[in-house]
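A short worksheet on the structure shown next.
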Amino acid sequence: MEENTASVTCFLLRDAPLEQRNTFRVPARAARYSELRDAAGLPELLQRRELKTLPLLVLGEGSNLLFTQDYPGLVLRMANRGIQMLEGGEMARVRIAAGEHWHDFVRWSLDHGLAGLENLALIPGTVGAAPIQNIGAYGAEVGEYIAMVEAYDRQRDEFVQLDNQACAFAYRDSVFKREPQRFIVTAVDFALPRRHPLKLDYAGVREELEAMGVRHPQPLDVAQAVETLRRRKLPDPAITGNAGSFFKNPLLDAERAQALVAAHPRLPNWPAAEGKVKVSAAWLIETCGFKGVRDGDAAVSDRHSLVLINCGHATGAQIWALATRIRDSVHGRFGIRLEPEPLIL
């Protein structure tokens, strides 16, 4: 059932199907579903009597979550659009509405001579979802380039602006992820340089640039290399249901990492913040024999062991059961408990 709510430029669906609104393509339904095209309408929407007591899930493109059952509350998609260049110069400041597609914005920034986001090309999802997960790839994290996040604070019932420090970015984490029922991201301000040192030393980027015949790469070249790498390694969610990397790379204390690498010299590892060491979750999973494993229609990709896939008609519960098997196996063999990247519902 659909109910028009023209005053807040949105619509409200009851018992809404979500299979086409998550990239795993698993079946689920929401008690209520709405898409909001103007962030100014948030207070009015959330004050509706039938919605005030319901749990809230803010949905981008559904590329970083797994539904294991129906959602008993309101699923809200921010569908507002718009890009504003607030300041030019050598360090440009750009404001992007939460509903903009992330990769389209990355390409827009490169086309306008801005650097910083090239390593984050082709990540699925919306701009509004980017700070929540502090998305990262190929040695870069989006939090490095975020100046401010505009959000609706449900505790204070008002729009707020959180600077970079207030966002409390960490590895695949932020204040928005830690308080999911409090903040609704409506826009993001980026501070993007015209020139900066390129990050080329992660997961085959230099090799791809060499294969492209690029000797003096520019940000656009790096983005092209990253896109090629991602297309080669990761299944397209438009064809095969998935949410990209399913597990985070574990962050270990230096002493523990040293002992683990001594026992397993082939384990890929990289220095991380605060003296920690990041180790490869993909290697741990593959070493436990899960690459390409299939259980019904739930499977591990044979192209990348970090990616769980829906081969056709898997449910979210079946995919989660396979993920749990992987997590338990890695923990039993290496003493490391993998953490999922997607939100598990």
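Laboratory data are not the source of any read-out in this text; all were calculated from the coordinates shown. Remember, it's a predicted structure, so these values are computed and weren't measured experimentally. Cβ sites come from the backbone with ideal geometry, for glycine too, and all protein chains shown count toward neighbours.
Listed values, structure above:
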| item | result |
| --- | --- |
| Label-point separation, Arg81 to Asp302 (7 Å along Cα→Cβ), nm | 4.0 nm |
| Convex hull of Cα atoms in region 212-345, direction-averaged projection (nm²) | 10.2 nm² |
| Largest to smallest principal axis extent of the C-alpha atoms in region 217-269, angstrom | 39, 33, 17 |
| Interatomic Cα distance distribution for region 2-78, bins of 10 angstrom, percent | 20, 54, 24, 1 |
| Dipole in debye (nearest 20) - region 259-299, about Cα centre, beta carbon charges: Lys, Arg +1; Asp, Glu -1 | 160 debye |
| Label point distance in nm, Trp270-Gln161, each placed 7 Å from Cα along Cα→Cβ | 3.3 nm |
| If the convex hull is drawn through the Cα atoms of region 266-307, its volume per residue in Å³ | 79 Å³ |
| Label of the coordinate-derived value, Cα extents along the principal axes in Å, listed as (i) 157, 67, 33; (ii) 62, 49, 36; (iii) 61, 53, 36 | (iii) |
| Virtual paramagnetic centre 7 Å along Cα→Cβ of Met91, amide N under 16 Å, in region 120-159 | 143-149 |
| Lys/Arg +1, Asp/Glu -1 at C-beta; region 152-267 dipole; positive extreme among Ile239, Ala263, Leu162 | Ala263 |
| Test item: Cα-centred dipole of region 1-115, Lys/Arg +1 and Asp/Glu -1 on Cβ, debye | 260 debye |
| DSSP-assigned coil residues among GluC sites (Glu not before Pro) in region 28-80, each with at most 10 further Cβ atoms within 10 Å | none |
| Amide H contacts of Gly241 (H built 1.01 Å from N, under 5 Å, at least 5 apart or other chain) | Asn310 |
| Positive-end residue of Trp108, Ala187, Ile132, charge dipole of region 83-193 with Cβ unit charges | Ile132 |
| Rg/Rg_ref, region 83-193, where Rg_ref = 2.2 N^0.38 Å and atoms are Cα | 0.99 |
| Cα-centre dipole for region 83-193 with unit charges at Cβ (Lys and Arg positive, Asp and Glu negative), debye to 20 | 320 debye |
| The chain - mean residue ellipticity at 222 nm from DSSP helices (-39,500 (n - 2.57) per run, n ≥ 4, rounded to 500) | -7000 deg cm²/dmol |
